[in-house]
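Only one structure is covered here, and it is reproduced in the block below.
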Amino acid sequence: MSAVALRDGSWIALRPLEASDRERLVRLFYRLSPETVYHRFLSPLHDPSDAGLDRLVDLDHNDREAIAAIWDGEVVGVARYFRDRSAPTADIAVLIEDGWQGRGLGAVLLEQLREIAAGRGIEGFTATILSENRPAIGLVRKLFPHAILTLEGPELTALMPLGAWLP
């Protein structure tokens, strides 16, 4: 586990997410606003499903990785990737508890995830983002200046190279 300072001066612990974090993820879900849930899952969800939770904690820390931000024993943010070995990219998702949004936690988590992914031979990230989610789009543009954003209906598809790689 490591601790990092956020831009507002607060400190947060980062560590790999583990299967034992399942109940922490349930508690996190119930602390999220409906807007945050909608932006992350691209649909309104009222309760986390067992199958969904199983998928979120089914990590091999190679092709399926997640970094958790921990505050006072609770998960307050998660950045994850899922890699299909047939592609040079991995799909990512980030979820930050409402009270921690806008403090730089998403950038810290993505930087950590990028470093891990690059070390494992992943050449880029992909993500689907609602076009109304301006903070997420701004974060992609800031951290991945060479990202390719494609509008597909109400969603953007982002292709974010980790280095010099471009499709």
| field | Inter-label distance for residue 8 and residue 71, nm, one decimal - labels placed 7 Å from Cα along Cα-to-Cβ | value | 0.6 nm
| What's the carbon and sulfur percent of region 62-167's accessible surface, probe 1.4 angstrom, rounded to a whole number? | 52 percent
| task | Using a 1.4 angstrom probe, figure out how much accessible area the chain has per residue, in square angstrom, rounded to the nearest whole. | result | 51 Å²
| field | Distance between region 111-146 and region 68-82 - C-alpha centres, whole angstrom | value | 17 Å
| Dividing the convex hull volume of the alpha carbon atoms of region 48-99 by its residue count, what do you get in Å³ per residue? | 95 Å³
| task | Subtracting the Cα-Cα distance from 0.36 nm times the residue separation, let me have the gained length for residue 157 to residue 134 in nm, one decimal. | result | 6.9 nm
| query | What is the sum of charges around residue 92, taking Lys and Arg as +1, Asp and Glu as -1, for the other residues whose C-beta is under 14 Å from the C-beta of residue 92? | reply | -1
| task | List, in order, the whole-Hz ³J(HN,Hα) value for each residue of region 89-96 obtained from phi through the Karplus relation with A = 6.51, B = -1.76, C = 1.60 and θ = phi - 60°; use x for Gly and Pro. | result | 10, 10, 7, 10, 8, 10, 9, 10
| task | Pop out the ³J(HN,Hα) list for region 130-146 in order, Karplus 6.51 cos²θ - 1.76 cosθ + 1.60 with θ = phi - 60°, rounded to Hz; leave Gly and Pro as x. | result | 5, 5, 7, 7, 4, x, 5, 5, x, 5, 4, 5, 6, 7, 10, x, 9
| Which far-off residues, 5 or more places away or on another chain, put their amide H under 5 Å from the one on residue 130, with H placed in the peptide plane? | 156
| remark: Env charge @ residue 33, Cβ radius under 13 Å, K,R +1 / D,E -1, value -1
| remark: Summing +1 per Lys or Arg and -1 per Asp or Glu among the other residues with Cβ less than 14 Å from residue 118's Cβ gives -1
| Per principal axis, descending, Cα span of the chain in whole Å | 40, 36, 34
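The values are calculated or read from the model by the stated rules, or taken from the named source; none is laboratory data. Just so it is clear, the structure is predicted and the values come from calculations on it, not from any experiment. Positions of Cβ are backbone-derived with ideal geometry, glycine not excepted, and every protein chain shown enters the neighbour counts. With ligands, DNA and RNA removed, areas are computed over all heavy atoms of the protein, side chains included. Shrake-Rupley method; radii C 1.70, N 1.55, O 1.52, S 1.80 Å.
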